[in-house]
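The values are calculated or read from the model by the stated rules, or taken from the named source; none is laboratory data. The shown structure was predicted, so the numbers you read here are calculated from the model rather than taken from an experiment. Note that we place each Cβ from the backbone using ideal geometry, even for glycine, and neighbour counts take in every protein chain shown. Quick note on the areas: whole protein, heavy atoms, side chains included, nothing else; ligands and nucleic acids left out. Shrake-Rupley method; radii C 1.70, N 1.55, O 1.52, S 1.80 Å.
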Amino acid sequence: MSAADVAAWRARIPGAFGGGARGRVLAVVGWAAFLLWLGWVLWHFDVTPRRLWNGLSGLATILRLMVPPSPGELWVDILQGLAESVAMAFLGTFVAALVALPLGFLGAGNVVTNTLFRFSLRRVFDGFRGVDQLIWALAFVRAVGLGPLAGVLAIATADVAVLAKLNAEAIENAERRQVEGITAAGGGWFARLRFGLLPQVLPVMLAQALYFFESNTRSAAILGVVGAGGIGLQISERIRVRHWDEVAFIILLMVATVAAIDWVSARLRRRLIGG
Amino acid sequence: MGLTAGLRPVAALAQDDAAWTGARGMLELQGLTRRFGATVAVDHVDLEVPAGQMVGIIGRSGAGKSTLLRMINRLQEPSGGRILSGGRDVTALQGRALREWRRDCAMVFQQFNLVQRLDVLTNVLIGRLAWQRGWRAAMVLVGGRFTAEERAMALAALDRFGLAETALQRAETLSGGQQQRVALCRALLQQPRLVLADEPIASLDPRNAQLVMDALRDVNQRDGLSVLVNLHHLDTAREYCDRIVAMQAGKIVFDGTPAALTAERVRSIYGITEQEFAAEAEARRAAERAPAPLAVA
Amino acid sequence: MPGLRWDALLGGVETEGSLAFWMYRLDSWGWLLFETANMAALATLMGAGAALLMAFPAARNLGAGRVVNPLARRLLEAMRTVPEIVYALIFVWAFGVGALAGILAIAVHTAGACGKLFAESIENTGLGAWDGVRSAGGSWAQACRFAVLPQVAPSLLSYALLRFEINLRSASVIGFVGAGGIGEELYKVIAFNYYEEISAILLLIILAVFAIDLLSERLRHRVIGAMR
């Protein structure tokens, strides 16, 4: 392939040779902007190779101290913390599911027909969703004091909104005919809800609640970091005093518990929504 | 415009050629065998292909034709036997040497195996990957920057089959026949010695099938490449090939000129008439074409 | 709750009960929020980049070898099962108090979570193109780059954007353990029971999360639309 051939092809199909000058300028500007941003961020957060290196060697030391994991002397506390976390997750989800049940009916388009009310309710749900569970936990620790109660309240508050939204959607997707059947039989508003809608949506809601229980066991494990009880408190205390072997033990325990609960709950859910 | 001329240094070409077309022929299979569990897909196949020959391999589905070609390209590992090229054993090649061998025996597939979301040009340029080394290979890997010379080569190859204008389209926008010719262009960019075509027309309508077979013949005659093509149409094999190899249950049961493969020979080999053989192939093609989601989007 | 008064709502910073009085430190909070978003962006970039590199060996269908493949899968698993905040607690010891620890904590978790999704994406693509590139003599890395990456790029990008939304939430609380961002400020005002400040910061966080959700949803739709 001679240079003349290449030139001939470049003239015939310029797009095949990396586009026009405009495309190239755009690409250069785009990359320059990206690199500028990257440089600024790295500089601003003081990410230097030296810091990274020092940190990594520190991390290596920590990792070395983590092996072998050990329960330490206060292993009863650890187990108690774990049980407390699971209990927090369970209670929090339970309360959230209970409160979300009526809220879901209020938010559903086929139950409450006032659009403005429904719209604003859903926006409130969205707003709650934007606040992380840890923020709620911190706030409740201030309000009701250190301990698992704050954790339960945090989990419940953070989940009510999302569960209510999901419930509302499940209710909207329910079949009309069963409700109409109750109406035809002379049932009132409450009877329609109780016998027409609820039997249809209850299994879905239960499955959702179980799913939230799963994810809440993960988050309940860390809420203790801000003082809301559970195993998170144990782990942050041990990190504070640098008992790394015990930290490793708690992490492994957490991972195993979460995996076990995932497994059980996945099986239960499959049975609930028929698979 | 001769495509293979120009990029490979002439001296190296002559030297390579000596190795390739040496005393032992350019491709030689010795007792090549492949088992899948208890079944034997390819059973002790011996075959010698001289340079520049166009060989048609025929057989009913499941006869082991595909496995045979895929073993030659080393996409599948043989269970036994050897593959020789110019006296060199390629059965045990690894790493860079294996990739160079694959580059030298280009493969064309029934389903084209193009990257659907990439443009036609880049699909063809994939044929150049095995030629790049070190720093250049890394640059292409990260930035996808092929050289202007490589791009011009790809365009020339596409132009040869009337596809230059589609170079900037995505592969998925092309018809099956066009995609197969793009795949052939990719094969040519590898500057191979040998083209292995695995049922190249089985997914195409008759008109496109003819275009692709013409293209393969052109590659064989003008570029002097050896072509091994799997077919299940006896007529096509007779029309295009210098030599026909018939396979049945993993074994070679016929090896000769098209003229020698008479209707009686076909019946004695396969136990069915040539018409039935063609009908079977047609039925299989219809079945394969129907669910193919590869056509124009 | 802030003591807002309707009659003074639009008054100046000095007027008690006005919006400006409530948000009297909007400039520094806005800056902190911007910093938090940058932390999330950098962490997402690093995490998704690492995930991209690890997803190819972790995918079951690309034949990455009997040692490398399980190794990559286990590594991704370990990265995503440990919560970010735990990583942050540990990294604060190793890298010191500040945003770097938070960024790295989020990045590690992101790499694990995205890596799994990326690998699944890769496992769902057909291997026709892979065979095509390999048969042409392409190396394993070249086949990943040219046969697989173009096919999965849109879904990978949309996963990464989704992760950015999640990471913004995480970045806003990771400061609770001293790992930078607006979380540190929030921790402080909650600790001192400055209720007006708490509500102001929470509102800002909600608005930012909302805005980024909207933006990223649009981007995701455009990415999927343009590339399909």
Problem set entry | Which numbered condition residue C:193 misses (of (1) assigned to a helix (DSSP H, G or I); (2) within 9 Å of another protein chain (Cβ to nearest Cβ)) | (1)
Problem set entry | Criterion violated by residue C:129 - all others in (1) within 13 Å of chain B (Cβ to nearest Cβ); (2) assigned to a loop (DSSP other than H, G, I, E, B); (3) of a type outside the set (Lys, Arg) satisfied | (2)
Exercise. Just for segment C:85-95: of the residues that are at the interface with chain A (Cβ under 7 Å from one of its Cβ atoms) and either of a type in the set (Ser, Thr, Tyr) or free of Cβ contacts under 8 Å to residues at least 60 places away in the same chain (or both), which one is most open to solvent (accessible area, probe 1.4 Å)?
Worked result: C:93
For this session: Filter segment B:166-210 down to residues that are in contact (Cβ under 8 Å) with a residue 40 or more places away in the chain, open to solvent by 10 Å² or more (accessible area, probe 1.4 Å) and not charged (D, E, K, R) and give me whichever is nearest to residue B:69 (Cα to Cα).
Result: B:203
Exercise. If you go through segment A:102-114 one residue at a time, do you hit one that is touching a Leu at 6+ places or on another chain (Cβ under 7 Å), assigned by TED's automatic domain parsing to the domain that holds residue A:89, open to solvent by 50 Å² or more (accessible area, probe 1.4 Å) and part of a helix (DSSP H, G or I)?
Worked result: yes
For this session: Identify all residues within segment C:132-160 that are at the interface with chain B (Cβ under 7 Å from one of its Cβ atoms) and in a helix (DSSP H, G or I); write none if there are none.
Result: C:132, C:133, C:134, C:135, C:141, C:142, C:145, C:146, C:147, C:150, C:151
For this session: Can you give me the number of residues within segment B:88-123 that are over 18 Å from residue C:147 (Cβ atoms) and either in a helix (DSSP H, G or I) or at the interface with chain C (Cβ under 8 Å from one of its Cβ atoms) (or both)?
Result: 6
For this session: Report yes if residue C:115 is within 19 Å of residue A:221 (Cα to Cα) and either assigned to a helix (DSSP H, G or I) or aromatic (Phe, Trp, Tyr) (or both), otherwise no.
Result: no
Seminar exercise, completed: Across segment C:49-74, the tally of residues that are open to solvent by 20 Å² or more (accessible area, probe 1.4 Å), within 16 Å of residue C:108 (Cα to Cα) and more than 14 Å from chain A (Cβ to nearest Cβ) stands at 5
Exercise. Taking the condition buried (at least 16 other Cβ atoms within 10 Å of the Cβ) and either closer than 12 Å to residue A:165 by Cα or among the acidic types (Asp, Glu) (or both), does residue A:97 pass?
Worked result: yes
Problem set entry | Filter pass, residue B:145 being surrounded by fewer than 21 Cβ atoms within 10 Å (Cβ to Cβ), within 14 Å of another protein chain (Cβ to nearest Cβ) and at pLDDT below 90 | yes
Problem set entry | Subset of segment C:167-185 (residues that are touching a Phe, Trp or Tyr at 6+ places or on another chain (Cβ under 8 Å) and either at the interface with another protein chain (Cβ under 7 Å from one of its Cβ atoms) or open to solvent by 10 Å² or more (accessible area, probe 1.4 Å) (or both)) | C:176, C:184, C:185
Problem set entry | Residue list for segment B:123-139, filter: in contact (Cβ under 8 Å) with a residue 24 or more places away in the chain and of a type in the set (S, T, N, Q) | B:123
Exercise. Farther than 21 Å from residue A:5 by Cα, within 9 Å of chain C (Cβ to nearest Cβ) and under 21 Å from the mean Cα position of the chain (by Cα), is that true of residue B:137?
Worked result: no
Exercise. Are there any helices (runs of 4 or more DSSP H) wholly within segment A:1-97 with 1 or more residues that are within 14 Å of chain C (Cβ to nearest Cβ), and if so which?
Worked result: A:21-44, A:49-66
Seminar exercise, completed: Condition set outside any helix (DSSP H, G or I) and either out of contact with any Ser or Thr (no Cβ under 8 Å at 6 or more places or on another chain) or more than 10 Å from chain C (Cβ to nearest Cβ) (or both), scope segment A:131-163, selection surrounded by the fewest Cβ atoms within 10 Å (Cβ to Cβ): answer is A:145
Exercise. Tell me, which residue of segment C:182-228 that is within 21 Å of residue C:165 (Cα to Cα) and among the basic types (Lys, Arg) is modelled with the highest pLDDT?
Worked result: C:218
Exercise. Among (1) within 30 Å of residue A:2 (Cβ to Cβ); (2) open to solvent by 40 Å² or more (accessible area, probe 1.4 Å); (3) among the acidic types (Asp, Glu), where does residue B:104 come up short?
Worked result: (2)
For this session: Would you check which residues across segment B:51-70 are over 12 Å from residue B:231 (Cβ atoms), aliphatic (A, V, I, L, M) and open to solvent by less than 40 Å² (accessible area, probe 1.4 Å) and list them?
Result: B:68
Problem set entry | Top-ranked residue in segment B:226-282 [being more than 23 Å from the chain's Cα centre (by Cα) and of a type in the set (S, T, N, Q); ranked as surrounded by the most Cβ atoms within 10 Å (Cβ to Cβ)] | B:273
Exercise. Limited to segment A:252-267, what total is found for residues that are within 11 Å of chain C (Cβ to nearest Cβ) and free of Cβ contacts under 8 Å to residues at least 24 places away in the same chain?
Worked result: 3
For this session: Can you run down the residue pairs with Cβ atoms below 7 Å, 6 or more apart or on separate chains, where the first is in segment A:29-49 and open to solvent by less than 60 Å² (accessible area, probe 1.4 Å) and the partner is assigned to a helix (DSSP H, G or I)?
Result: A:41/C:38; A:41/C:42; A:45/C:99; A:45/C:100; A:45/C:103; A:47/C:100
For this session: Looking for whichever is assigned by TED's automatic domain parsing to the domain that holds residue A:142, within 30 Å of residue A:88 (Cα to Cα), among the aliphatic types (A, V, I, L, M) and surrounded by 15 or more Cβ atoms within 10 Å (Cβ to Cβ) here; the options are A:202, A:193, A:206. Which one fits?
Result: A:206
Exercise. Among the listed residues A:216, A:173, which satisfies the condition of being within 14 Å of chain C (Cβ to nearest Cβ) and either open to solvent by less than 20 Å² (accessible area, probe 1.4 Å) or at pLDDT below 80 (or both)?
Worked result: A:216
